[in-house]
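Heads up, the thing below is written out as structure tokens.
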Amino acid sequence: MATNVKVVGTDLKQVTIKVNPGTYLTDVLEQACEKLRVPSSKYLLKHKQKQLDLSNTWRTSGLVPGAKLELVVRSNTPTAINVALHLPSPESNLFPPSGRVTEKLPSDFTIWQLLRQFESGKSSQGKNLNITGRGVAQTSNGTTAGSGQLYYETPVLTIENRTLSTFADFQKTLSQLGYNSGGVLIRLSFRKTDYTLVDAMAEISRFFKADEEDQKTQEPTTEPTTSTETTTSTETPPSSSEPTLPSEDKPDTDAPNDGQKEGTGTAPTIQAPPPDVMDVDPPSADHRPITIFCAPSSATPAAALRPDSDDVFAPHIEHAQAHQRLLKTAGENKRLLSDQELEAKAKAEADRVAAVKSIKIRVRFPDNFSAEWPFGPDDTGAALYAEVRKIMANDTAPFKLALPPGKVAIKDDKGPSGKLIGGYKLSSNTLVNFMWDDSVPLEVRRQPFLKGSAAGQAQDVVVPEVPQVNDADEAGPSTYVPTSAPKPSSGEGAAFKKPKWLKGLGGKK
């Protein structure tokens, strides 16, 4: 009974595939990939986070009608599969008692590569097996007819209930047939075709030339043919003599270069390692002190290693009162500031920034090393970039310095807007994160970041000890004792005087 199944692609698009009880899941995958316009060789099917065995049919897969399958990307690493090839007679007599040859092959092998591997691999045990190049003479009533023209005899493979006999079928891989793990039994038989052996060999070279070349490059020792041996033997003497030529020419080519370097007199400076360059680098006019800190030796932050008691994190009555005051203040209506108030606020902010005479900026590098410099009111972002480049091993690579949490980046600018204190409003010690530019290759990022001389000056970060304060010495929370309001007197005293018009309401009439 036919039913439908839904396949959800990686882009969340859904397609509906019609299946029968005998439909293989590999056919479902191919139809779904064809509708989604993606290659079927790069995907697998999953149902409820469980990978499906594509070699099963719909009846044996255990799926319910209308099941929703997921299309997932296949791993690029092939898996090993135990392949058993059952040979027909008389070839089966060469491998008693079962008449089979077995070998472990990767799942990305095509059926044609599989057959060629069984012909020339270790599983054949040095015995001659002809599977892909068989020819049989044309006969009529048991006698050779005509000139005895050879016709191609194609292999016919039976895998469970499927039959593979065409060159297009032989181009499929084991993975495309649904075999990604475990083992598979293939039964081999032969069938005579109407193609001559010459025409069939030409067709084979057109279909499987690339596959055979790949197999030769991957396993050159599995096919000990005389042609390859003679080719490698003839190519061996030139290859052995070629390395001697560059070794003889290399001193000749290096000699002029050495002469040029000696003549220019700048070779020692160019060939000097980065640590030596830093040691002899004269200090600049605006030389500022630098403090370099080592990377942390543990992946756990130092604050997490402190043995704090749970009472430190317990909320007190002061926290609740402060929260209530905050809610009360946030709920009150506030008027907008006037122009004079805005000007006064801006002036106060400018005075606060002008009062800052020096700040310390610490830059954290990708390898968790960090460096700290003091900066004044006239220093700009260009000065910070210049200081970072002085200690970089690769000072030509582009980068940027971002303020936490990374949305605002300090620009390499010498203008008034690029001042660290006046432009970016930095009024206290600040941490800046070093970020590589997207154009920097991965090889540069993996190299040591700091120069040798700079890394040698690194020191450990000293965590200050917090003094222990006894609970008895702490000032306790302020207690508020509400005063009781005075009770009104029941008589006609000064606290409460009964009006005259109220006196006659309670009397009898």
Original post:
Restricting region 432-466 to residues that are touching a residue at least 24 places away in the same chain (Cβ under 8 Å) and charged (D, E, K, R), which is surrounded by the most Cβ atoms within 10 Å (Cβ to Cβ)?
Top reply: Lys451
Subject >> Residue that is farthest from Phe369 (Cα to Cα), among those in region 297-327 that are loosely packed, with under 10 Cβ neighbours inside 10 Å and either β-branched (Val, Ile, Thr) or touching a Phe, Trp or Tyr at 6+ places or on another chain (Cβ under 8 Å) (or both) >> reply: Val312
**OP:** Within region 95-109, work out how many residues are farther than 30 Å from Gly9 by Cβ, open to solvent by 20 Å² or more (accessible area, probe 1.4 Å), part of a loop (DSSP other than H, G, I, E, B) and not polar (S, T, N, Q).
**Re:** 2
Original post:
Inside region 161-197, can you point out the residues that are farther than 22 Å from Cys33 by Cβ, open to solvent by 70 Å² or more (accessible area, probe 1.4 Å) and touching a residue at least 12 places away in the same chain (Cβ under 8 Å)?
Top reply: Asn161, Arg187, Arg191, Lys192, Asp194, Tyr195
**OP:** Could you check how many residues of region 1-42 are at pLDDT 85 or above, touching an Asp or Glu at 6+ places or on another chain (Cβ under 6 Å) and of a type in the set (Ser, Thr, Tyr)?
**Re:** 0
Original post:
Can you name the condition, by its number, that Ala84 falls short on among (1) in contact (Cβ under 8 Å) with a residue 40 or more places away in the chain; (2) in contact with a helix residue (DSSP H, G or I) (Cβ under 8 Å, 6 or more places away or on another chain); (3) aliphatic (A, V, I, L, M)?
Top reply: (2)
Original post:
Can you find a residue in region 35-46 that is open to solvent by 70 Å² or more (accessible area, probe 1.4 Å), among the polar types (S, T, N, Q) and assigned to a helix (DSSP H, G or I)?
Top reply: no
**OP:** Sort through Leu384, Leu342 and tell me the only one that's modelled with pLDDT under 95, in a helix (DSSP H, G or I) and open to solvent by less than 40 Å² (accessible area, probe 1.4 Å).
**Re:** Leu384
**OP:** Go through region 3-29 and count every residue that is open to solvent by 50 Å² or more (accessible area, probe 1.4 Å) and without any contact (Cβ under 8 Å) to a residue 60 or more places away in the chain.
**Re:** 8
Original post:
Going by the structure shown, is Ala330 over 30 Å from Arg288 (Cα atoms) and either of a type in the set (D, E, K, R) or open to solvent by less than 70 Å² (accessible area, probe 1.4 Å) (or both)?
Top reply: no
Original post:
When you go through Leu115, Leu129 one by one, which is the residue that is at pLDDT 85 or above and open to solvent by less than 60 Å² (accessible area, probe 1.4 Å)?
Top reply: Leu115
Original post:
If you check Ala348, Ala354, Ala371, which single one turns out to be closer than 27 Å to Lys419 by Cβ and modelled with pLDDT under 90?
Top reply: Ala354
**OP:** Specify which of the listed residues (Ser75, Ser92, Ser61) is open to solvent by 20 Å² or more (accessible area, probe 1.4 Å), out of contact with any helix residue (DSSP H, G or I) (no Cβ under 7 Å at 6 or more places or on another chain) and part of a loop (DSSP other than H, G, I, E, B).
**Re:** Ser75
Subject >> Every pair of residues 6+ apart whose Cβ atoms lie under 6 Å, when the first sits in region 48-73 and is over 18 Å from Lys18 (Cβ atoms) while the second is of a type in the set (D, E, K, R) and open to solvent by less than 90 Å² (accessible area, probe 1.4 Å) >> reply: Glu70/Lys46; Val72/Lys46
**OP:** Quick one: count up the residues across region 78-89 that are in a loop (DSSP other than H, G, I, E, B) and either open to solvent by less than 70 Å² (accessible area, probe 1.4 Å) or modelled with pLDDT of 85 or more (or both).
**Re:** 4
Original post:
For Lys414, all conditions in the list (1) out of contact with any strand residue (DSSP E or B) (no Cβ under 8 Å at 6 or more places or on another chain); (2) assigned to a loop (DSSP other than H, G, I, E, B); (3) open to solvent by 80 Å² or more (accessible area, probe 1.4 Å); (4) at pLDDT 85 or above hold save one; what is the number of the exception?
Top reply: (1)
Subject >> Filter result for the condition that a residue is touching a Gly at 6+ places or on another chain (Cβ under 6 Å) and either at pLDDT 75 or above or not β-branched (Val, Ile, Thr) (or both), over Pro275, Pro282, Pro289, Pro301 >> reply: Pro275
Original post:
Among the numbered criteria (1) within 26 Å of Ala304 (Cβ to Cβ); (2) within 33 Å of the chain's Cα centre (by Cα); (3) at pLDDT below 85, which single criterion is violated by Thr430?
Top reply: (3)
Subject >> Unique residue being within 17 Å of Val184 (Cβ to Cβ), touching a Leu at 6+ places or on another chain (Cβ under 9 Å) and at pLDDT below 80 when the list is Ser123, Ser107, Ser98 >> reply: Ser123
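The values are calculated or read from the model by the stated rules, or taken from the named source; none is laboratory data. Everything numeric in this text was worked out from a predicted model, so none of it was measured. Every residue, glycine among them, receives a Cβ derived from its backbone with ideal geometry; neighbour counts consider all protein chains shown. Heavy atoms of the whole protein, side chains included, go into the accessibility calculation; ligands, DNA and RNA do not. Shrake-Rupley method; radii C 1.70, N 1.55, O 1.52, S 1.80 Å.
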